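Chemist: Below you'll find the structure I mean.
The values are calculated or read from the model by the stated rules, or taken from the named source; none is laboratory data. Since we're looking at a predicted model, the values are computed, not measured. Cβ atoms come from the backbone with ideal geometry, glycine included; neighbour counts cover every protein chain shown.
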Amino acid sequence: MKKIVLASSSFRRQELMKWLGIPFEIHVSNFLEEQIKFEDFNNPEEYVSAIAMGKALVVADQFPEALIIASDTTVYLDEKIYGKPKDLYDARAMLKTLRGKQHTVFTAVVMIDGETGEKKTEVVKSLVTFFPFSDEMINQYIETSEPYDKAGGYALQGFAKRFIQEVQGSELNVVGFPLVTVRNMLEELGVPIEVDIERSAFEKTGMRT
């Protein structure tokens, strides 16, 4: 089997990757996401794809014969993107903006096969609707550690689940790693996946893949 390297510091992505039942290594990319500016792109899909590709290319240089997997997630509302909050004030402002509204979560998955030079990119989109929750709930939430490394300042799988009225599309995409898409991309690159990931993920989390 090809050597597979996940270019991610996200514990959640690392954990979800394990569910595929294949061996892989973790090597965190030091790509500077800040150099990618949303205003330089035509849409959120292009923006998240550029960041994910940047992460993957950095690690591909270090493991030239491996299959590299990288991903990036962003929240989009009213022609603005909401990435990871800078601090608690930023997290509070994001949640106040998102509450009572429907926003879109985009996740780009990039794979680079060092053996063949093939590059694949897929972008998955989910629609998330928030309840009109209170300022008190926001304050309780930002006192936890959850908001600070999550796009849009919230984690679907954590305390913020109570904010969510509806998710249309993949819930694991909102978590930041759409496993069915990852599985399909790996199989297209010659990596067989024996796990029934739709069933396994639902049994583990109750979430749609």
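Chemist: Here is a list of conditions, (1) on the phi > 0 side of the Ramachandran plot; (2) in contact with a strand residue (DSSP E or B) (Cβ under 9 Å, 6 or more places away or on another chain), and Glu46 meets all of them except one; can you say which number that is?
Modeler: Only one criterion in (1) on the phi > 0 side of the Ramachandran plot; (2) in contact with a strand residue (DSSP E or B) (Cβ under 9 Å, 6 or more places away or on another chain) is unmet by Glu46, namely (1).
Chemist: Test Gly152 against the stated conditions and say whether it is more than 30 Å from Gly190 (Cα to Cα) and either touching a residue at least 24 places away in the same chain (Cβ under 8 Å) or of a type in the set (Asp, Glu) (or both).
Modeler: For Gly152, the condition - more than 30 Å from Gly190 (Cα to Cα) and either touching a residue at least 24 places away in the same chain (Cβ under 8 Å) or of a type in the set (Asp, Glu) (or both) - is met.
Chemist: Another question, then. Across the range 59-104, what is the total count of residues that are within 21 Å of Glu171 (Cβ to Cβ) and among the aromatic types (Phe, Trp, Tyr)?
Modeler: Number of matching residues: 2.
Chemist: Same structure, new question: Is it true that some residue in the range 171-178 is in contact (Cβ under 8 Å) with a residue 40 or more places away in the chain, assigned to a helix (DSSP H, G or I), buried (at least 21 other Cβ atoms within 10 Å of the Cβ) and acidic (Asp, Glu)?
Modeler: Yes, some residue in the range 171-178 is in contact (Cβ under 8 Å) with a residue 40 or more places away in the chain, assigned to a helix (DSSP H, G or I), buried (at least 21 other Cβ atoms within 10 Å of the Cβ) and acidic (Asp, Glu).
Chemist: Which condition breaks for Leu88 when tested against (1) within 16 Å of Gly152 (Cα to Cα); (2) modelled with pLDDT of 95 or more; (3) surrounded by fewer than 20 Cβ atoms within 10 Å (Cβ to Cβ)?
Modeler: (2)
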